[in-house]
Amino acid sequence: MKLTERIKNFNWKGKIVPILLVGLIAYMWFRPPAWVQDLDQALPPVTFTTLDGREGTLDSLRGKVVLVNFWATWCPYCRHEMPAMQEFYRDYAGKGFEIIAFSLDDDEAKAREFMRENGYTFPAAMAGSEQRRAFGDVSRLPTSFIIDRDGKLRHKVHGQVHYGRLESLVAPLLQK
């Protein structure tokens, strides 16, 4: 029996809702919803120490477009978005793009090991009260912020980022 005949003879009654639900779940996993809020505000000074011991400030990244990401190793959505962040970082780091990923984990060694095991090369640091307060006391994960070349906060993303979303939010800022 040909596939077209099998489809015509398939008993769809009672199966359409489960099929739609499976499709919706698959879509949400690969293209999860996120709420993007456009902003135009200055940031207070933010300092950090990366997991490999380098000290930095967001002011020192002025001239670059920066993705500030709040994440944790125990957050499944955070873990799912990080490969896309790494791919975007690889493609755009040489074009004036930077990432600083602030971990909300309690154990710095666990965050460091997670980054190493997964081969993530973008800078990560532990999120203390200073960093959380500077970005409005982040409590939901993942949450990301995009800062323009002048150091102004331009976008807040509640939910996962993926390559296409990053491209649509970051690329225009890189061209300015």
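The values are calculated or read from the model by the stated rules, or taken from the named source; none is laboratory data. In this text the structure is predicted, and so the values were computed from the model without any measurement. When we count neighbours, we look across all protein chains shown, and the Cβ atoms used for this are built from the backbone with ideal geometry, even at glycine.
List of remarks:
- Residue check, R116 more than 28 Å from Q175 (Cα to Cα) and modelled with pLDDT of 95 or more: yes
- If only residues of the range 128-158 that are among the basic types (K, R) and under 17 Å from the mean Cα position of the chain (by Cα) are counted, the one that is surrounded by the most Cβ atoms within 10 Å (Cβ to Cβ) is R154.
- The condition of being more than 15 Å from the chain's Cα centre (by Cα) and either part of a strand (DSSP E or B) or crowded, with 20+ Cβ neighbours inside 10 Å (or both) holds for only one of A111, A101, A125, that being A111.
- Residue match in the range 160-167 (condition: at pLDDT 95 or above and more than 19 Å from A93 (Cβ to Cβ)): no
- G164 being farther than 17 Å from Q37 by Cβ, exposed (fewer than 13 other Cβ atoms within 10 Å of the Cβ) and under 15 Å from the mean Cα position of the chain (by Cα): yes
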